[in-house]
1. Filter region B:307-323 for residues that are within 14 Å of B:Asn239 (Cβ to Cβ) and assigned to a strand (DSSP E or B) and give the result.
2. B:Arg131 - would you say it is under 24 Å from A:Ala183 (Cα atoms), more than 10 Å from every other protein chain (Cβ to nearest Cβ) and charged (D, E, K, R)?
3. Taking interchain pairs and intrachain pairs at least six residues apart, which have beta carbon atoms under 9 angstrom, with the first residue in region A:92-103 and aliphatic (A, V, I, L, M) and the second not in a helix (DSSP H, G or I)?
4. For region A:36-70, enumerate the residues that are farther than 18 Å from A:Gly247 by Cβ, in contact (Cβ under 8 Å) with a residue 60 or more places away in the chain and among the hydrophobic types (A, V, I, L, M, F, W, C).
5. Applying the selection to region A:152-207, what residues are closer than 27 Å to A:Leu264 by Cα, charged (D, E, K, R) and at the interface with another protein chain (Cβ under 7 Å from one of its Cβ atoms)?
6. Taking the conditions exactly as written (among the hydrophobic types (A, V, I, L, M, F, W, C), in the same structural domain as B:Met201 (by TED's automatic domain parsing) and under 27 Å from A:Ala183 (Cα atoms)), does B:Ile97 satisfy them or not?
7. Being over 15 Å from B:Pro282 (Cβ atoms) and polar (S, T, N, Q) is the filter here, so list the residues in region B:304-361 that pass it.
8. Only strands (runs of 3 or more DSSP E) wholly contained in region B:186-263 count here; list those with 1 or more residues that are closer than 30 Å to B:Val175 by Cβ and free of Cβ contacts under 8 Å to residues at least 40 places away in the same chain.
Amino acid sequence: MKRSGMFWIFITPVLLWLVLLIFLPHLDLLLLSFRGDASWTLDNYRNFFTEPIYWLTFVRTALYSIITTLLTLILALPVALYVTKIAKPGLRGFLMVLLMLPFWVSELVRIYGWMILLRESGVLNYFLQSLGLTNQPVEMLYNDATMIMGLVYTSMLFMVIPLVSVMDSLDNSLIEAACDLGASKICIWRTIIIPHCKPGIVSGSIVVFMLVLGNYLTPNLMGGKNSLWFTEQIYNQFIASFNWNQGAAFGFLLLVLSSAIIWLGLKLTGQRLGELSS
Amino acid sequence: MEADLIVTCLNKEFGSFRAVEEVSFSVAKGEFFSILGPSGCGKTTLLRMIAGFEEPSSGDLLIGGRSMRGITPDKRPVNLVFQHLALFPMMNVAENIAFGLKRRRVAAAEIRRRTDEVLERVELPGFGDKRIHQLSGGQKQRVAIARCLVLDPSVLLLDEPLGALDLKLRQQMKVELKKLQAKVGTTFIYITHDQSEALVMSDRVAVMNRGRFEQIGSPQQLYNDPTTPFVAGFVGDSNLWTGVVVEKDGEAVKVLTDEGFVFHCRQRGGSGRSRVTLFLRPEAMIIEPIDRAGLNIFQVTVKSILFDGANSRLLTATAAGHELLVALPQNRAFDHIAPATEITLGWHPKTGIAFELLDQP
Ligand SMILES: Nc1ncnc2c1ncn2[C@@H]1O[C@H](COP(=O)(O)OP(=O)(O)OP(=O)(O)O)[C@@H](O)[C@H]1O
Ligand SMILES: [Mg+2]
């Protein structure tokens, strides 16, 4: 009796949080997405498929999110290996602080930092011109490559931290044993390090993918006019067009999309969500 | 005999600390060679230099007549069995064993054949599909050895491979490892700080102390004819006396111990300085000898009986209170000995060895 009382005391805030802040708003949005001007309708979802700009942006967003996640992973793996296995123990804490330092300022400030560096009258162009490498300033902002770079930069930490913690648990002698048995560097990565780090890779990738897919600021500021991101479409519907029904439908499509891609990714790598915590 | 491994004047420095100092030895093909030494004396460092994971500061290393300087571990014809085995947990037993063969691009059918064959040899047939965590300690041990043996290395290096096992299993694996080596005929270099492992298994043993080799020899030589006081003290148990040499005739010396006994014994090297430490094995002392001619004879009092089956001992003390361990044969001839009885001990001059006393212990 007493134990079940304690159970309810602890579970109630969690339930309240889930119901009030997650479940109810989503239910409301779900209802909104099926509402037309006066009646129930599927028009909001139909619009998405008939209007190419919508679903093209959608596909683009998904594709770029996957690319960004992969790029972040490829960059984060050697960084994590360096921090855990190569750097001296004393240097390690310092390196972790360096990695976290950019996250002490807000995302907005970070993006403006990049803009100061990259814009036509920016620092980089100044140096290029004073070194005589170009005569005219080069426009480096407002294209897809810059946007992806910005997204990778923003996501880096969320990939490195889970990777550092799994690589920490990798016994150095496994790497040496593989080398002793004749494995090359690439082969050691493929057969020992990556299989060992799989749980960290999967959880890091899920977090980064979700963050990138739902990011609004970076694509908006660094991507410019031609680099539409799906979150901008949702924003436009809610704020610019004041079409809450359409915006709610888009929001749900994004939710379904991200869940589907993560499910597919887990299937392809043979992982299960429950195993990630272990 | 053809030498498989020749090491000459090998040195390794970590900063100003010398972990391995002027080590030279050679190991013949098919030999079981052990390196025995206390913890931290540089054994692992030496082995890692042979395997290629540490670069020697100076000296040379030849395997099969080829110098190994500048050759990376993956290209050396040696394999290392790690202290904690380092089996790959993400692979099953067969994949672990096939790992090295795959790197050499051996055909799949050939890999299967050789994996099965080596599992047969280490007496684990049919274990190929097991995961590593399903194996017992002794089985893991044999998989780690099989993983190296399947590559036919000219030299197999083993770094305290029995260290993680419990005592009982260690005794058992000791015998099995010796049998396995005799069967496969591979040269083994075996590192241990456990003297009984080294003495039981090896053809030859090197005793290492503070980065240096003190003595290289057969287990019998090390036990019966140690050349340095460290070896005499480290290999097997000894009773010690300090004293002065009063007479010297070649190796045979007469020593006056500090408590007043006069003993005949052998002296190893040295002359001039006459202060010595005398080492005597517990089993060299004969209890109540019948024929006393030529023996060193003295009286002691029994303090207690340390019964341990075949390894039983008497803890005795001389009149001056010097404690001595004496082997007590379990042949029922000494059943009358009880604590506080006085007994006569005798030992042959050949069995005691005196070393000149070092300035620093
Ligand atoms: N990378 C290193 N840097 C500095 N000193 C080291 C390094 N590796 C080993 N040492 C030192 O060298 C000495 C010998 O170490 P080593 O690991 O060879 O000992 P060991 O004989 O294998 O001991 P154990 O039986 O405990 O394994 C030790 O004093 C150790 O502190
Ligand atoms: Mg060691």
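The values are calculated or read from the model by the stated rules, or taken from the named source; none is laboratory data. The model shown is predicted, which means the values in this text are computed figures rather than measured ones. Every residue, glycine as well, gets a Cβ built from its backbone with ideal geometry; the counts of neighbours run over all protein chains shown.
1. B:Arg313, B:Leu314, B:Leu315, B:Thr316, B:Ala317, B:Glu323
2. Numbers: under 24 Å from A:Ala183 (Cα atoms): yes; more than 10 Å from every other protein chain (Cβ to nearest Cβ): yes; charged (D, E, K, R): yes.
Judged against the criteria, B:Arg131 is a match.
3. A:Leu95/A:Ala87
4. Within region A:36-70, A:Ala62, A:Ile66, A:Ile67 qualify.
5. Of everything in region A:152-207, nothing turns out to be closer than 27 Å to A:Leu264 by Cα, charged (D, E, K, R) and at the interface with another protein chain (Cβ under 7 Å from one of its Cβ atoms).
6. Working: among the hydrophobic types (A, V, I, L, M, F, W, C): yes; in the same structural domain as B:Met201 (by TED's automatic domain parsing): yes; under 27 Å from A:Ala183 (Cα atoms): yes.
Spelling it out, B:Ile97 is indeed among the hydrophobic types (A, V, I, L, M, F, W, C), in the same structural domain as B:Met201 (by TED's automatic domain parsing) and under 27 Å from A:Ala183 (Cα atoms).
7. Residues satisfying the conditions are B:Asn331, B:Thr341, B:Thr344, B:Gln360.
8. Hits in region B:186-263: B:212-217.
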